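What follows is a set of notes on a single structure, which appears directly below.
Since every read-out is calculated from the coordinates, none of them should be taken as a lab result. Model, not experiment: these values are computed from the prediction. Cβ placement follows ideal geometry from the backbone for every residue including glycine, while neighbour counts extend to all protein chains displayed.
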Amino acid sequence: MKENLEKKSRNRILIEELFAPTEDVLFADGYDDCIVGFDEASWRVVYSKYDVVRQLFMQNDEWSESDCIEFAEYNIFGAYVGKKTPIWMEDFNEVYL
């Protein structure tokens, strides 16, 4: 399936073009804007936990901050999808909503 290039973040495009072919890297669908880096040692994409929770909060008007954190911790950060599972970075400089 051909992906829409307009929806890809700059960081995703950099990872795809500079570091690895996309078939060797696992991206979290819908969270391209939350990519903060790439770990070449483990060949895994690094995402900001804070940005993921903030994005969930902005997309779900009826969810509280704690609802977003609980959903993200269980359904996103806690999911293991193999050796290429993304790294979910906790940025100590950011504070949840």
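Per DSSP helix of 4 or more residues, -39500 (n - 2.57); summed, then divided by the residues of the chain. What does that give at 222 nm, rounded to the nearest 500? Kindly include the intermediate steps, with their values, before the conclusion.
On the way: 3 runs with 23 residues, N = 97.
Estimated from H runs of four or more residues: -6000 deg cm²/dmol.
Kindly provide the chymotrypsin sites (Phe, Trp or Tyr not before Pro) of region 17-86 that DSSP labels as loop, not H, G, I, E or B, and whose Cβ sees at most 16 other Cβ atoms within 10 Å.
43, 63, 80
Between residue 9 and residue 74, what is 0.36 nm times their sequence separation minus the Cα-Cα distance? Round to one decimal in nm.
20.9 nm
Compute the longest continuous run of the chain that contains no exposed GluC sites (Glu not before Pro); treat a site as exposed when its DSSP state is not H, G, I, E or B and it has at most 11 other Cβ atoms within 10 Å. Write out the running numbers ahead of the final one.
On the way: sites that count: 3, 40, 62, 90.
Maximal segment without exposed cleavage sites: 4-39.
On a straight-distance basis, which lysines could pair with residue 7 in a cross-link, Cα separation under 23 angstrom, same-chain partners fewer than 8 positions away excluded?
49, 84
Starting from the alpha-carbon convex hull of region 5-89, give the projected area averaged over all orientations, in nm².
5.6 nm²
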